[in-house]
Amino acid sequence: MSFDKLHQVMSYNIFRVIELCFEQGVTTTWRDIYLFLKVPEKVWATETDIDEKIIISSKEELEMIRELLISKFTTMH
């Protein structure tokens, strides 16, 4: 699997977890998501907001998160 494809898959899977949390009306953190998806710690170890709750209150915010994830994992090298 190419590096770009891997980032696309990672971005999509993270978004799906966030979308599921939104649909169920629960909050989560980036750490919870990364641990749930078994993302290697070296990918997220330097993130500063790892334990902040991800609160999404509308479909528009959910779409903004999707765009953020696409750009984050597209530019990650």
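The values are calculated or read from the model by the stated rules, or taken from the named source; none is laboratory data. It should be emphasised that the depicted structure is a prediction, and the values quoted were computed from it without experimental measurement. Don't worry about glycine lacking a Cβ; one is built from the backbone with ideal geometry, like all the others, and counts go over all protein chains shown.
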Odd one out for Val9, checked against (1) modelled with pLDDT under 95; (2) surrounded by 14 or more Cβ atoms within 10 Å (Cβ to Cβ); (3) aliphatic (A, V, I, L, M); (4) not in a loop (DSSP other than H, G, I, E, B):
(2)
Quick check on my filter: what residues within the stretch 28-59 are under 13 Å from the mean Cα position of the chain (by Cα) and either among the hydroxyl-bearing types (Ser, Thr, Tyr) or surrounded by 15 or more Cβ atoms within 10 Å (Cβ to Cβ) (or both)?
Thr28, Thr29, Trp30, Arg31, Asp32, Ile33, Tyr34, Val39, Ile54, Ile56
Filter the stretch 60-71 down to the residues that are out of contact with any helix residue (DSSP H, G or I) (no Cβ under 8 Å at 6 or more places or on another chain) and either closer than 15 Å to Val17 by Cα or surrounded by 10 or more Cβ atoms within 10 Å (Cβ to Cβ) (or both) and list them by number.
Glu61, Glu63, Met64, Glu67, Leu68, Ser71
Select from the stretch 13-46 the residues that are free of Cβ contacts under 8 Å to residues at least 24 places away in the same chain, in a helix (DSSP H, G or I) and not aliphatic (A, V, I, L, M) and list them in ascending order.
Arg16, Glu23, Gln24, Arg31, Asp32, Tyr34, Phe36, Glu41, Lys42, Trp44
